[in-house]
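This report refers to the structure that appears directly beneath it.
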Amino acid sequence: MNHKGVALAVLSAAGFSAKAIFVKLGFRYGASAEALLALRMLFALPFFAAMLWLCMREGALRRIGRRDWQLVVLLGLCGYYLSSLFDFIGLRYISSALERLTLFLYPTLVLLLSVIFLGKRYSVCVWLAVALAYLGAGLALSHDLSDAALGADVWVGVGWVSLSMLCYAVYVAGSGEVVGRVGATPFSALATLIACFAVLAHFMVTQPLSALVLPGEVYLITLAMALFSTVFPVWALTQAIRLLGAGRAASISTLGPVLTLSMGWTVLGESFSWTQIAGAALVIAGVVLVSRSRKAEEAAGPDEVRCPISPRLAPGRS
């Protein structure tokens, strides 16, 4: 096992998990969701611009056709602009742990989108894993509903974060083919820069400039969010995948919800219960089984597929 790769994968998961904590801290100083998101993107923009500049030096953008440009723009707006905006709004109403667990369900939506739009079919084994994940999300939701400090607005928050999850699932489902033609680094640089400009334009249209007149702590919080929950984890995850492979790096990233839950409890003082822990465990188990089952079925032949949930062979579906 490559210890450097493991360390980078853990740090990447911690960075992504800390985003909700930074947002919650920003809210405590009176910042709006739009202001926090605009500052985050403003601070991260130079790093993404540098990434794009390196791609241009290597001539990586010359092979991008007109249709791919259109797809990059649409996916960037969906995956990093709308998804982030809805997520930040939703965090006003729910705990950081429930937000992370809800977002963590996105592979199940990618699965549903592939069934609806790509005509793929999967065995009962996969759908049992989906049900397990949503059972865990239900337990986590019940924890927030029982928290008097959150109140009935929990449903509003879950709605916004679910929209965020849907946008990100569309981004993931649609980006695979484009990344294959454009390249991972050029695609990431372009998609994130497009989102940065969209976020800043959204802020200028919907918020007065006075919304950025905030305590100095907010600027430090958003700078930390841009560096440690945006730029660094993207780089660290890329390096972890290079050293460990995508499968092992993805397995380590399942620490994310647990890290968010622990940070929400220690940093924000959010309530903590065994129901929440059980929900997190079921969500993680369900999502991992969905990913493994889906890969096994898509890699196997048309006659049979080995189900990770059961040692028996289930009929293959393509």
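Observations on the structure shown:
- Filter result (closer than 23 Å to Gln276 by Cβ and open to solvent by 30 Å² or more (accessible area, probe 1.4 Å)) within the stretch 160-172: Trp160, Ser162, Leu163, Tyr168
- Whichever residue in the stretch 139-153 is at pLDDT 80 or above and either in contact with a Pro (Cβ under 7 Å, 6 or more places away or on another chain) or within 16 Å of Leu261 (Cβ to Cβ) (or both) and, among such residues, is least open to solvent (accessible area, probe 1.4 Å): Ala140
- Check on Leu105, in contact (Cβ under 8 Å) with a residue 24 or more places away in the chain and under 23 Å from the mean Cα position of the chain (by Cα): yes
- Scope the stretch 111-124; condition open to solvent by less than 10 Å² (accessible area, probe 1.4 Å) and more than 18 Å from Val172 (Cα to Cα); matching residues: Ser123
- Output for the stretch 74-87, where each listed residue is within 12 Å of the chain's Cα centre (by Cα) and open to solvent by less than 20 Å² (accessible area, probe 1.4 Å): Gly79, Ser83, Ser84, Asp87
- Pair list, Cβ < 7 Å and 6+ apart or interchain, from the stretch 52-78 residues that are under 27 Å from Ser164 (Cβ atoms) to residues that are among the basic types (Lys, Arg) and open to solvent by 30 Å² or more (accessible area, probe 1.4 Å): Asp68/Arg181
- Among the residues of the stretch 173-211, just one is open to solvent by 70 Å² or more (accessible area, probe 1.4 Å) and either part of a loop (DSSP other than H, G, I, E, B) or at positive phi (or both), namely Pro208.
The values are calculated or read from the model by the stated rules, or taken from the named source; none is laboratory data. What you see is a predicted model; the values in this text were computed from it and never measured. With ideal geometry, Cβ positions are generated from the backbone for all residues, glycine too; neighbour counts draw on all protein chains shown. With ligands, DNA and RNA removed, areas are computed over all heavy atoms of the protein, side chains included. Shrake-Rupley method; radii C 1.70, N 1.55, O 1.52, S 1.80 Å.
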